[in-house]
1. Evaluate the following for residue 96: is it out of contact with any strand residue (DSSP E or B) (no Cβ under 7 Å at 6 or more places or on another chain), part of a loop (DSSP other than H, G, I, E, B), outside the structural domain of residue 381 (by TED's automatic domain parsing) and modelled with pLDDT under 95?
2. Show me the helices (runs of 4 or more DSSP H) found entirely inside segment 148-255 where at least 3 residues are outside the structural domain of residue 134 (by TED's automatic domain parsing) and either in contact with a helix residue (DSSP H, G or I) (Cβ under 9 Å, 6 or more places away or on another chain) or farther than 26 Å from residue 271 by Cβ (or both).
3. Given the conditions (1) at pLDDT 95 or above; (2) in contact with a Pro (Cβ under 9 Å, 6 or more places away or on another chain); (3) of a type outside the set (Phe, Trp, Tyr), and given that residue 377 satisfies all but one, which numbered condition is not satisfied?
4. Could you pull out the residue among 162, 198, 189 that is modelled with pLDDT under 95 and among the polar types (S, T, N, Q)?
5. Being without any contact (Cβ under 8 Å) to a residue 60 or more places away in the chain, in a helix (DSSP H, G or I), crowded, with 20+ Cβ neighbours inside 10 Å and not basic (Lys, Arg) narrows it down to one of 330, 310, 338, so name that one.
6. Determine whether residue 192 is among the small types (Gly, Ala, Ser), within 25 Å of residue 366 (Cβ to Cβ) and under 17 Å from the mean Cα position of the chain (by Cα).
7. Kindly indicate whether residue 278 is in contact with an Asp or Glu (Cβ under 7 Å, 6 or more places away or on another chain), at pLDDT 95 or above, part of a loop (DSSP other than H, G, I, E, B) and assigned by TED's automatic domain parsing to the domain that holds residue 224.
8. Looking for something assigned to a loop (DSSP other than H, G, I, E, B), crowded, with 19+ Cβ neighbours inside 10 Å and modelled with pLDDT under 95 - is there at least one such residue anywhere in segment 116-125?
Amino acid sequence: MPVVQNNQDSVFQGMLAPYAARAESSLGRKHPETPPESRSPFQRDRDRVIHSSAFRRLEYKTQVFVNHEGDLYRTRLTHTLEVAQVGRAIARQLGLDEDLVEAIALAHDLGHTPFGHAGQDALQECMSDLGGFEHNIQSLRIVDRLEVRYGDFPGLNLSFETREGILKHCAKSKAADLGDVGERFLRGTQPSLEAQITNLADEIAYNNHDIDDGLRAGLLDLQELCSNSLYGSIYSEVQDRYPEASKTILRHETGRRLINLLINDLVAETRQRIQSNHITSIAEVRASTRPLAAHSPEIAGQIKSLKSFLFHRMYRHPRVHRQAEKAKRLVRRLFHTLREDPRLLPLKYQARIQATDQQEKSRARIVADYIAGMTDRFAIAEYDRLFDPHGEA
């Protein structure tokens, strides 16, 4: 179905680079719709994500710290907003479609479980023989099927380009079951540049804010962190520029400069790859044998070192590890209890089970959908309702 654009959107499309995704050439939606009169397809996608219940639940889902640990720590929602901001900044410099980048960024974590990666690891363990669990495939499942808002179709019926960007990685064994968005994993081709830069914007955002949260929580030692060449060199520059500044100011100044450095490096390396490969269309982007959006080898190596530091000093810190293990035990017990007795599920989930083929995999998937959609505090409350003799039934 052709897309009818208003004049303002036509002007915007004319400003895009030739290798950008273009709304008028969108590969469409799973369920045909009348095009919007005052928005592009990608703007419609963004708006649908923002108004979804799955998006609102991100406010109470963990990034690293359990949601109630502190009001200033990042949640999945604040992380998502930061990814969108970083992604748009990169897209603007490269002449890409900012609305598509924003739509992908806002939707990329919709499928995350409560309790961050600990919850995902536990659910994947529970589902290992029942089809597995991956949060980005779950994000796609939400926008394609689980979100209930519209009378004409299930899910949010997002455009192909947004759905493609949500699916950052996928095993070939699962790609065949995902239809059009899974084909590139079978063929070894690339997604749009908008999808590629959003993936890297995600990395830029979480590395920076995990440092900020880790320092604030006392999990990271500043002197040790400054031994990392990437962070330490910037921190030294900030100290020289603001010798009387507080540690709080120094931390924030270093963070903003780190983000700026990573964005500028990504833009420069991506431009170089586009030029050296003579990329002039999105078809050539997709046909490329390797990603075109990337950091320079030097910065990529420094990022790898920084991620290793964070893994060992923060994500494996005893405080974080204790939280993670508690979360895993909670998720495992919820899953096994609800799988063994589906009558404990809310009525709408019981109805979904009754409407399936009643196979064990189908039942387990519905239980996984229920748990993955929980916020941190809802999961804790549900655990209390099921297992605390004095809890509310």
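1. Judged against the criteria, residue 96 is not a match.
2. none
3. Of (1) at pLDDT 95 or above; (2) in contact with a Pro (Cβ under 9 Å, 6 or more places away or on another chain); (3) of a type outside the set (Phe, Trp, Tyr), only one is false for residue 377: (1).
4. After ruling out the rest, the residue left standing is 189.
5. Answer to the selection: 338.
6. No: the conditions fail for residue 192.
7. Judged against the criteria, residue 278 is not a match.
8. The answer is no; no qualifying residue exists.
The values are calculated or read from the model by the stated rules, or taken from the named source; none is laboratory data. What you see is a predicted model; the values in this text were computed from it and never measured. Quick reminder, even Gly has a Cβ in these numbers, built from the backbone with ideal geometry, and neighbours come from all protein chains shown.
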